[in-house]
Ligand SMILES: [Zn+2]
């Protein structure tokens, strides 16, 4: 491997040289969405962050198996194993089958991810499709003595585990503090200790999502699915586990405990956590009125937004910060990102029209080298972008005949932009993504021309039919004095 990557490992709180277990293969697991509502800004950051990691590791030659799950069962409203299942509740309120809720929001999540140019993972397992693996894992944990059954539910014995292993090693929590700070909630008297967590919950009569198990008809605890599915697809130990910082405790801490209790082996070699987002300096939350879905952001329909921001602007904005820094969304910052992205993409297209000369006035090779060094240093995308903007300056200077470039350097510059702008940062014009490609443009030109002819012949039935049928498939025609233009409905 020509490039050596350093990764900040949350488990050790240091940057470590990345050495996969079985090179050139890399196992990457990232916690995906709980599909009971539309994707929002908080979903965009981990998706883009680990898309960057996935794209770069592939680019430098690793064969990556990227697993990102869909949580469709077991995520209760309250992290302390109480409350309704988030998906079950939505299904009850909207009088739908839980799987209808899951299907609907999974599809909408995929649509948002496509717009953000986030590549699909290699496997996207559903928790509900892996109940057998989860039951099997619980049996192992019980057999090894780290879980107990009570009234048909099974709980992880944190105290027992802590005698043999370190519960709290990832998040830095200390068991004594947990003992002092977790209060026993009502209905939790089944637990031996309030900080124990559910591996299996017996379903109450009104609970719709339920499966048979050796202990009761019920459903798995939320943390369990990631341990079961990562082991199923990546092995008991694998390379990288990612997710948002908010998942570090209790979710990831519990994942480690479950896997170690079952397999007596550390599941993850490198833990990566992206930092959180804020909006105008505030945490995002429904009660604060700043809870913005991606659809609202792309359409500019939320009252906190001064305008719509394209998916690529959002992607660029996220990549402008290193994934471990906090990221604050504001109209000013997004507008600045929109301008910056526009300059970058325009310069990228300009490369094709640059003339070559006898010598180069700038050092192109070092821009390329700096981009690789930045990515190798814990995926430092803002540093890559800074170097690409040095490239933008050079491109514009050559275009305006203020600088010159040799044919060889021009090819290198083009390769650097193609690699880093398009392939690794995944930044492409929104129109390209929306399907406005050249063939479609040619076809639309023909259709608009036919409609124009029909109108000239006063065949308004045909011209209206063309407009209406296009509108039905989501292509809108707009007539003006200058002629007819079209756009794809978002
Ligand atoms: Zn998870």
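Only the coordinates and a few stated rules stand behind these numbers; no lab work does. What you see is a predicted model; the values in this text were computed from it and never measured. When we count neighbours, we look across all protein chains shown, and the Cβ atoms used for this are built from the backbone with ideal geometry, even at glycine.
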- Item | Average Cα contact separation per residue, the chain, under 8 Å, 6 or more apart, as relative contact order % | 15
- To the nearest 10 degrees, how steeply does helix 407-417 sit against the main Cα axis of the chain, on a 0 to 90 scale? 40
- Task: Determine the shape class of region 6-274: with a ≥ b ≥ c the square roots of the Cα gyration tensor eigenvalues, call it rounded for a/c under 1.5, and otherwise prolate if a/b is greater than b/c, oblate otherwise.
- Result: oblate
- Task: Can you check what the Kirkwood hydrodynamic radius comes to for region 216-300, Cα pairs only, in Å to one decimal?
- Result: 15.2
- Query: Any idea how far apart residue 464 and residue 446 come out in nm if each label point goes 7 Å out from Cα toward Cβ?
  - Reply: 2.7
- Item | Counting DSSP beta bridges with both ends in region 1-99, the antiparallel % (nearest 5) | 50
- Could you state the number of Å between the C-alpha centres of region 419-478 and region 125-181? 55
- Task: Can you pull the one-decimal nm distance between simple spin-label points at residue 349 and residue 365, each 7 Å off the Cα toward Cβ?
- Result: 3.3
- Item | Beta bridges per DSSP with both ends in the chain, % antiparallel, nearest 5 | 55
- Sorted by mean Cβ packing within 10 Å, highest first, what order do the peptides 48-59, 166-177, 363-374 take? 48-59, 363-374, 166-177
- Item | Anisotropy class of the chain from Cα gyration tensor, a/c 1.5 cut | oblate
- Item | FRET E, pair residue 1, residue 489, Förster distance 30 Å, beta-carbon r, rounded to 0.05 | 0.10
- Euclidean distance between Cα centres, region 359-415 to region 280-322, Å: 31
- Task: Grab the beta carbon distance between residue 305 and residue 389, set R0 = 41 Å, and tell me the FRET efficiency rounded to 0.05.
- Result: 0.95
- If the chain between residue 82 and residue 456 were fully extended at 0.36 nm per residue, the gain over the current Cα-Cα distance would be 127.8 nm
- Message: At 222 nm, what value in deg cm²/dmol follows for the chain if DSSP H runs of at least 4 each add -39500 (n - 2.57) and the sum is divided by all its residues, to the nearest 500?
- Response: -13500 deg cm²/dmol
- Note on the structure: Helix 41-59: inclination vs the chain longest Cα principal axis, degrees, rounded to 10, gives 80
- Item | Gain on full stretching of the segment that runs from residue 12 to residue 114 - 0.36 nm per residue minus C-alpha separation | 33.3 nm
- Pair residue 481, residue 377: separation of 7 Å Cα→Cβ label points (nm): 5.5
- Task: Could you work out how far helix 131-143 tilts from the main Cα principal axis of the chain, as a 0 to 90 degree angle to the nearest 10?
- Result: 40
